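The values are calculated or read from the model by the stated rules, or taken from the named source; none is laboratory data. These numbers were taken from a predicted model, which means no experiment stands behind them. Because the Cβ atoms are built from the backbone with ideal geometry, glycine has one as well, and the counts that use them run over all protein chains shown.
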Amino acid sequence: MSTDAIVILRDDHREVRTLFREFQKSSTTEARRSQIVGKVIELLTMHTYIENEVMYPEVRALLPELEDDILESYEEHHVADVLTMELYGMNPADERFKAKTMVLIESVTHHMDEEESEWFPKVREKLGRKQLQDLGEQLLEAKKRAPRSPAQPSALKKAVDAVVS
């Protein structure tokens, strides 16, 4: 497994995209959609946590010229956090479950596309391989302690911090 921070984050994106595609298939059953959303909530809760706790602060300190990109990413994470929290408390039979999930998919896909096409190349260009590996190791360590549910205290703190910051 690579310890390059960008590779780690892209791998997370790939896993989430696969689940999004499966959710969107018309043949996917309600029960399977419920499982998919549960897994998406877990993955996004962990992913936004490690980016917010490690990647964004470190890159912001090292590359202040990317601050606007980072601030936008924090806000996009906040939107994802709100939607995952709402979905966490919903039943797949709820009238707005599918619609809310589709909004989450659209929002997160936009965020991942923007990171991969604009932000990651800038970060890779300006940080050396060693710095990206060090960041990757920090991401992997953060992943071990990352919340898996939006109801966990560290996930709630992250959501509150986004509102009051």
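For region 99-130, how many residues are buried (at least 17 other Cβ atoms within 10 Å of the Cβ) and touching a residue at least 60 places away in the same chain (Cβ under 8 Å)? Talk me through it step by step, then tell me what you get.
As a first pass, look at region 99-130 and keep what is buried (at least 17 other Cβ atoms within 10 Å of the Cβ): 100-101, 104-105, 108, 111-112, 115, 119-120, 123, 127.
Subsequent filtering for residues that are touching a residue at least 60 places away in the same chain (Cβ under 8 Å) retains 101, 104-105, 108, 112, 115, 120, 123, 127.
Going through region 99-130 one residue at a time, the tally reaches 9.
Can you find, within region 22-40, the residue that is surrounded by the fewest Cβ atoms within 10 Å (Cβ to Cβ) among those that are in contact (Cβ under 8 Å) with a residue 40 or more places away in the chain and closer than 14 Å to Asn91 by Cβ?
Of all residues in region 22-40, those in contact (Cβ under 8 Å) with a residue 40 or more places away in the chain come to 23-24, 30-31, 33-34, 37, 40.
Restricting the remaining residues to those that are closer than 14 Å to Asn91 by Cβ gives 30-31, 33-34, 37.
Details: Glu30: 11, Ala31: 9, Arg33: 18, Ser34: 15, Val37: 22.
Ranking the qualifying residues of region 22-40, first place goes to Ala31.
Going residue by residue through region 41-61, is there one that turns out to be within 24 Å of Ser154 (Cβ to Cβ), loosely packed, with under 15 Cβ neighbours inside 10 Å and either out of contact with any strand residue (DSSP E or B) (no Cβ under 7 Å at 6 or more places or on another chain) or not aliphatic (A, V, I, L, M) (or both)?
Within region 41-61, the first condition is being within 24 Å of Ser154 (Cβ to Cβ), and the residues that meet it are 41-61.
Subset that is loosely packed, with under 15 Cβ neighbours inside 10 Å: 57, 61.
Checking the rest, the ones that are also either out of contact with any strand residue (DSSP E or B) (no Cβ under 7 Å at 6 or more places or on another chain) or not aliphatic (A, V, I, L, M) (or both) come to 57, 61.
Within region 41-61, one or more residues are within 24 Å of Ser154 (Cβ to Cβ), loosely packed, with under 15 Cβ neighbours inside 10 Å and either out of contact with any strand residue (DSSP E or B) (no Cβ under 7 Å at 6 or more places or on another chain) or not aliphatic (A, V, I, L, M) (or both).
Does Glu75 fit the bill of being under 15 Å from the mean Cα position of the chain (by Cα) and assigned to a helix (DSSP H, G or I)?
Values: under 15 Å from the mean Cα position of the chain (by Cα): yes; assigned to a helix (DSSP H, G or I): yes.
In short, yes.
For Glu67, are the conditions met, namely being closer than 21 Å to His13 by Cβ, part of a helix (DSSP H, G or I) and among the charged types (D, E, K, R)?
On the way: closer than 21 Å to His13 by Cβ: no; part of a helix (DSSP H, G or I): yes; among the charged types (D, E, K, R): yes.
So Glu67 fails the test.
Inspect region 157-164 for any residue being at pLDDT below 90, closer than 24 Å to Val7 by Cβ and assigned to a helix (DSSP H, G or I) and give the result as yes or no. Full working, then the answer.
Residues of region 157-164 at pLDDT below 90: 157-164.
Filter once more, so that each one left must be closer than 24 Å to Val7 by Cβ: 158.
Add one more test, that the residue is assigned to a helix (DSSP H, G or I), and what stays is 158.
Yes; the residues of region 157-164 include at least one that is at pLDDT below 90, closer than 24 Å to Val7 by Cβ and assigned to a helix (DSSP H, G or I).
The rows are residues; the columns are (1) within 11 Å of the chain's Cα centre (by Cα); (2) under 20 Å from Glu141 (Cα atoms).
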site	(1), (2)
His13	yes, yes
Thr18	no, no
Glu42	yes, yes
Tyr49	yes, yes
Ala80	yes, no
Phe97	no, no
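With respect to Glu15, determine if the residue is touching a residue at least 24 places away in the same chain (Cβ under 8 Å) and either closer than 18 Å to Lys144 by Cα or in contact with a Pro (Cβ under 8 Å, 6 or more places away or on another chain) (or both).
Numbers: touching a residue at least 24 places away in the same chain (Cβ under 8 Å): yes; either closer than 18 Å to Lys144 by Cα or in contact with a Pro (Cβ under 8 Å, 6 or more places away or on another chain) (or both): yes.
Spelling it out, Glu15 is indeed touching a residue at least 24 places away in the same chain (Cβ under 8 Å) and either closer than 18 Å to Lys144 by Cα or in contact with a Pro (Cβ under 8 Å, 6 or more places away or on another chain) (or both).
Quick one: is Val108 touching a helix residue (DSSP H, G or I) at 6+ places or on another chain (Cβ under 9 Å), closer than 25 Å to Lys39 by Cα and β-branched (Val, Ile, Thr)?
Against the criterion (touching a helix residue (DSSP H, G or I) at 6+ places or on another chain (Cβ under 9 Å), closer than 25 Å to Lys39 by Cα and β-branched (Val, Ile, Thr)), Val108 qualifies.
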